[in-house]
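The values are calculated or read from the model by the stated rules, or taken from the named source; none is laboratory data. What you see is a predicted model; the values in this text were computed from it and never measured. Glycine also receives a Cβ, built like all others from the backbone with ideal geometry; neighbour counts cover every protein chain displayed.
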Amino acid sequence: MAPRSLIVGNWKMNMNCLSSKALVVNITRNVRSIAIELAICPPFVYLLPVSLLLSSSKVVLGGQDCHNYKSGAHTGDIAPEMLVDLGCTYVILGHSERRTYHSENNAVIRSKAKAAIRAGLIPIICVGETEIERSAGKALEVVDNQIRGSLPEQINSNDVVIAYEPVWAIGTNCIPNIEYISTIHSHIRKILSDICCDAVNIRLLYGGSVKPDNAKKLMSAVNINGALVGSASLQAEDFLAIAKEMS
Ligand code: 13P
């Protein structure tokens with residue numbers, strides 16, 4: 001049996017306190033009986049108000065990054081234990097925006113992933129090739145290196161979630177065709193089986209311009225267990241429509 005699907009909303013650096021609360025209320029009021037798991041990842045400063053609003057909901061919470069230390073002199077950073085303290089289940093790690101704008105490499109992401117698991121979080125580890133890498137025919141090689149370099153050496157299937165986000169599909173309204181996604185996802189599953197004995201149960205998400213009108217089609221890809229959604233997660237109707245299409 002395939003693992004339970006997961007749809008994650010990555011709000012990135014958007015919203016304010018009022019609009020965050022309004023969005024969560026709108027999601028929880030309208031979520032009804034969706035068979036899949038829903039998670040939302042607001043900016044750090046809105047985690048607490050959002051967490052309070054989610055307390056009696058099935059929708060779960062995640063952070064957008066974390067440090068690899070528990071505490072200490074790390075101005076501006078957030079420990080994984082702090083995310084747990086606020087009720088987080090997940091943490092996004094290695095997003096291409098962190099790899100690019102914060103120079104996070106595979107070793108840094110691996111150390112954050114270990115720290116997140118130690119704290120009781122499930123890291124959503126992001127991988128994906130750039131446009132230049134894609135056109136050079138290097139997508140599989142890039143994703144292979146990122147998976148092998150960013151994941152902890154030994155994992156169980158419920159320790160991590162993988163999100164394949166081709167960088168060229170993020171915020172562009174341009175998604176790869178289903179065969180392309182299937183090829184990459186099958187390759188990722190194969191690599192995962194080298195490092196995890198029950199790799200079939202690791203959830204593998206697709207991210208990059210996921211919208212209500214392409215969500216159903218995306219689910220026809222091989223080895224896909226949900227989506228990591230950016231801009232469409234900022235509207236309750238769109239986020240829930242994606243969840244419905246992917247159920
Ligand atoms: P968009 O859905 O806005 O393309 O963003 C995808 C993403 O980066 C999610 O993490």
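The residue that is surrounded by the fewest Cβ atoms within 10 Å (Cβ to Cβ), counting only those in the range 186-204 that are under 18 Å from the mean Cα position of the chain (by Cα) and under 11 Å from D144 (Cα atoms), is R189. Only one of the listed residues (I125, I92, I109) is buried (at least 18 other Cβ atoms within 10 Å of the Cβ), touching a residue at least 60 places away in the same chain (Cβ under 8 Å) and either touching a Leu at 6+ places or on another chain (Cβ under 6 Å) or part of a strand (DSSP E or B) (or both). That residue is I92.
Can you pull out the residues in the range 151-192 that are more than 10 Å from the ligand (Cβ to nearest atom) and among the polar types (S, T, N, Q)? Q154, N156, S157, N158, N177, S182, T183, S186 - these are the residues of the range 151-192 that are more than 10 Å from the ligand (Cβ to nearest atom) and among the polar types (S, T, N, Q). Residues in the range 205-227 that are buried (at least 18 other Cβ atoms within 10 Å of the Cβ), at pLDDT 95 or above, in a loop (DSSP other than H, G, I, E, B) and not β-branched (V, I, T): 3 in all. Pairs are defined by a Cβ separation below 6 Å, a sequence spacing of at least 6 or placement on different chains, a first member in the range 198-210 that is under 12 Å from V160 (Cβ atoms), and a second member that is in a strand (DSSP E or B) and within 15 Å of the ligand (Cβ to nearest atom); the pairs so defined are R203/L6; R203/V161; L204/I162; L205/A163; L205/G226; L205/A227; L205/L228. Just to verify a result, which residue in the range 205-235, among those that are on the phi > 0 side of the Ramachandran plot and within 11 Å of the ligand (Cβ to nearest atom), is farthest from the chain's Cα centre (by Cα)? Step by step, filter the range 205-235, then rank; the result is S209. The set of residues in the range 135-150 being hydroxyl-bearing (S, T, Y) and either within 16 Å of the ligand (Cβ to nearest atom) or at pLDDT below 95 (or both) consists of S150 alone.
Being within 13 Å of the ligand (Cβ to nearest atom), at negative phi and either aromatic (F, W, Y) or surrounded by 19 or more Cβ atoms within 10 Å (Cβ to Cβ) (or both) narrows it down to one residue among Y69, Y101; which is it? Result of the check over Y69, Y101: Y101.
Scanning the range 1-12 for residues that are closer than 14 Å to I92 by Cα and either near the ligand (Cβ under 10 Å from one of its atoms) or over 15 Å from the mean Cα position of the chain (by Cα) (or both) gives V8, G9, N10, W11, K12. For the range 128-182, what are the residues that are under 17 Å from M219 (Cα atoms) and not in a loop (DSSP other than H, G, I, E, B)? Scanning the range 128-182 gives V161, I162, A163, Y164, A169, I178, E179, Y180, I181, S182. Looking across the range 193-204, just one residue is touching a Pro at 6+ places or on another chain (Cβ under 7 Å) and either within 16 Å of the ligand (Cβ to nearest atom) or hydroxyl-bearing (S, T, Y) (or both), and that is R203.
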